[in-house]
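Novice: Let me begin by handing over the structure; questions about it come next.
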Amino acid sequence: MTRGIVVLLALCLVSAAAYFTASKWAIRHQTLTFFDTVRNRPVAVDIAVRRDKELQAEAGLAELPVAILNHGNTVRFTEYSFLANLFAARGYMAVSIQHDLDSDAPLVTKVGEPYVGRLPVYERGIANIEFAVKQLEKLQPNADYDHLTMVGHSNGGDISMYYAKLHPDQIRKVVTLDNLRVPFMIDGKFRILSFRSKDPVFKPDPGVVPDQAVCDKAGITVVNTGFQHTEMSDRGPEDVKESIVSALDKFLDNDSTARPVPVRVRQTPGAMAQVR
């Protein structure tokens, strides 16, 4: 009887230790809404960060690398948690930004205009990113906002690539999921990873994706998948998301940040912060 009690207590202690170890590495999500008075526009962001890395940054012991996640058209900024959690697990502060509002005009195609009429949408996305970064600098000053990793799906991928085109010296890496309009940067200043769909409807414009020789020279990795364009978000099947995460994880292996650890994702209620 005594031996059984000892074994039971030992198992409880092991379980408790495992729980607190996992909790130590938990990812915290926080949703904030800033308000840009110049443009009279709210800008919502979802922040995903590993708790231990956040504590180190707050103590001034570390600087968080920053990944900016840009959503696709009609997809919400919170619908890329499979990507945000990977970046957070690797020690990044992952920031997902809501670019579109219900009051915004829908995307339209205008052949003959820059990026078939999408340039104003990209410019609005750039303004959202720049504004959000300025607000985040006040909340978490110990993060590297000078070397961003830009990530985006579809229209968000084009926003990511356009930002990199305008600010190449501020880019650590670019990851796109089937961007269709903005051509890749090919000067080799930073590495690029792009997942391409096999979709009969969504096709990249000519010149967007370089040929293999150019990719090899410029440090561009193109992953041709059998996925549909619309599957590359949280809405997609688990095997699609797992495949993307696996390839992205390998792409990030040369980062100076830590390898990811098993995490428990703990969703916290969204907080609203009106910044004026």
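Novice: Can you name every residue in region 47-67 that is touching a Phe, Trp or Tyr at 6+ places or on another chain (Cβ under 8 Å) and of a type in the set (A, V, I, L, M)?
Specialist: The answer is A48, V49, L64, V66, A67.
Novice: Another question, then. Taking region 217-247 as the search range and keeping residues that are touching a residue at least 40 places away in the same chain (Cβ under 8 Å) and touching a Leu at 6+ places or on another chain (Cβ under 6 Å), which one is surrounded by the fewest Cβ atoms within 10 Å (Cβ to Cβ)?
Specialist: Across region 217-247, the extreme among qualifying residues is V245.
Novice: What are the pairs with Cβ atoms under 9 angstrom where one residue, in region 188-216, is in contact (Cβ under 8 Å) with a residue 24 or more places away in the chain and the other, located anywhere, is part of a loop (DSSP other than H, G, I, E, B) and exposed (fewer than 12 other Cβ atoms within 10 Å of the Cβ)? Sequence gap at least six, or different chains.
Specialist: What qualifies is S197/G226; K198/G226.
Novice: Cβ-Cβ under 8 Å, sequence separation 6+ or interchain: first residue in region 67-87 and in contact (Cβ under 8 Å) with a residue 60 or more places away in the chain, partner surrounded by fewer than 19 Cβ atoms within 10 Å (Cβ to Cβ) and part of a strand (DSSP E or B). Which pairs?
Specialist: Between residues of region 67-87 that are in contact (Cβ under 8 Å) with a residue 60 or more places away in the chain and residues that are surrounded by fewer than 19 Cβ atoms within 10 Å (Cβ to Cβ) and part of a strand (DSSP E or B), the close pairs are S81/V265; N85/V265.
Novice: From the list F184, F195, F251, pick out the single residue that is assigned to a loop (DSSP other than H, G, I, E, B) and of a type in the set (F, W, Y).
Specialist: F184
Novice: Can you find even one residue in region 103-120 that is more than 14 Å from the chain's Cα centre (by Cα), of a type in the set (K, R) and surrounded by 16 or more Cβ atoms within 10 Å (Cβ to Cβ)?
Specialist: Yes, region 103-120 has at least one match.
Novice: In this structure, does E123 turn out to be surrounded by fewer than 23 Cβ atoms within 10 Å (Cβ to Cβ), in contact with a helix residue (DSSP H, G or I) (Cβ under 9 Å, 6 or more places away or on another chain), part of a helix (DSSP H, G or I) and among the charged types (D, E, K, R)?
Specialist: Yes.
Novice: Select, from F87, F82, F77, the only residue that is under 21 Å from G152 (Cα atoms), at pLDDT 95 or above and part of a loop (DSSP other than H, G, I, E, B).
Specialist: F77
Novice: Has region 202-218 got at least one residue that is in a loop (DSSP other than H, G, I, E, B), among the aromatic types (F, W, Y) and over 19 Å from the mean Cα position of the chain (by Cα)?
Specialist: yes
Novice: While we're on this one: Could you list, in sequence order, the residues of region 27-51 that are surrounded by 16 or more Cβ atoms within 10 Å (Cβ to Cβ) and not in a strand (DSSP E or B)?
Specialist: Listed by number, the list holds a single entry, R51.
Novice: Being over 22 Å from R41 (Cα atoms), surrounded by fewer than 21 Cβ atoms within 10 Å (Cβ to Cβ) and hydrophobic (A, V, I, L, M, F, W, C) is the requirement here; does V201 meet it?
Specialist: yes
Novice: Looking only at region 126-154, count every residue that is touching a helix residue (DSSP H, G or I) at 6+ places or on another chain (Cβ under 7 Å) and more than 17 Å from R39 (Cβ to Cβ) and tell me the total.
Specialist: Summing the residues that are touching a helix residue (DSSP H, G or I) at 6+ places or on another chain (Cβ under 7 Å) and more than 17 Å from R39 (Cβ to Cβ) in region 126-154 gives 11.
Novice: On to the next question. For region 223-243, which residues satisfy the criterion of being in a helix (DSSP H, G or I), closer than 21 Å to V209 by Cα and in contact with a helix residue (DSSP H, G or I) (Cβ under 8 Å, 6 or more places away or on another chain)?
Specialist: Hit for region 223-243 is E231, nothing else.
Novice: Given the structure, is Y163 hydroxyl-bearing (S, T, Y), surrounded by 21 or more Cβ atoms within 10 Å (Cβ to Cβ) and either in contact with a helix residue (DSSP H, G or I) (Cβ under 6 Å, 6 or more places away or on another chain) or touching a residue at least 60 places away in the same chain (Cβ under 8 Å) (or both)?
Specialist: When the stated conditions are applied, Y163 passes them.
The values are calculated or read from the model by the stated rules, or taken from the named source; none is laboratory data. Remember, it's a predicted structure, so these values are computed and weren't measured experimentally. Positions of Cβ are generated from backbone atoms using ideal geometry, with glycine treated the same way; all protein chains shown enter the neighbour counts.
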